[in-house]
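Single-structure report; data block below.
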Amino acid sequence: MLHRLSDRIKYLVRKEFQNVTSPRAEHELELANEPSFNTFYNAGTLVVICAKGDSAYLQADSWLAAENLMLAAWAKGLGACPIGFAIPALKSEEWRVELNIPEDTAPIEAIIAGFPEGRPRQRTARKSPKILSWRRQ
Ligand SMILES: Cc1cc2nc3c(=O)[nH]c(=O)nc-3n(C[C@H](O)[C@H](O)[C@H](O)COP(=O)(O)O)c2cc1C
């Protein structure tokens, strides 16, 4: 099923970016046109975090849940990664029906989990936080 969903995501990316010229569009099209690219990196599990209601914090709460899920996965020796690529496909009627997501419920984020092939290299070039103001009483 995840292979089918990955193919659908790639199709939607091709459709969205085919006439767009920007570095991002170029990068996404390159991935979407690569037959061996799987948007879930062949992970065995996808958790779709959904929310319903009209709270101003729906997005924030869902992302907090996503972060907890990723930390818990890591603690159990699994790798995890948010796949924002998946959201447009998950919002489609076809996948809502397949995954039993009711109309009043929105898929907010999709997280893959699986056994990592290796440990990713730590990034060295992190941007420093920009402190807007700092006061001492
Ligand atoms: C909102 C969001 C969506 C993301 N979607 C994807 C995705 O579709 N595919 C992917 O490979 N990584 C995705 N990522 C992961 C990022 O590419 C990146 O690996 C992650 O944020 C860790 O950043 P770092 O490498 O700077 O530590 C997403 C991350 C966030 C926060």
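All of the numbers you see were taken from the coordinates with simple rules; none came from a lab. From a predicted model like this one, the values you see are computed outputs, not experimental measurements. So basically every Cβ, Gly included, is an ideal-geometry build from the backbone, and we count neighbours across all protein chains shown.
Structural remarks
- Among residues of the stretch 92-121, those that are basic (K, R) and surrounded by 13 or more Cβ atoms within 10 Å (Cβ to Cβ), counted: 1
- Number of the condition not met by C50 [criteria: (1) assigned to a helix (DSSP H, G or I); (2) surrounded by 13 or more Cβ atoms within 10 Å (Cβ to Cβ); (3) away from the ligand (no atom under 12 Å from the Cβ)]: (1)
- Among the residues of the stretch 67-91, those that are in contact (Cβ under 8 Å) with a residue 12 or more places away in the chain, out of contact with any strand residue (DSSP E or B) (no Cβ under 8 Å at 6 or more places or on another chain) and surrounded by fewer than 17 Cβ atoms within 10 Å (Cβ to Cβ) comprise G77, P88.
- Any hit, the stretch 85-96, residues being farther than 23 Å from T39 by Cα and not in a strand (DSSP E or B): no
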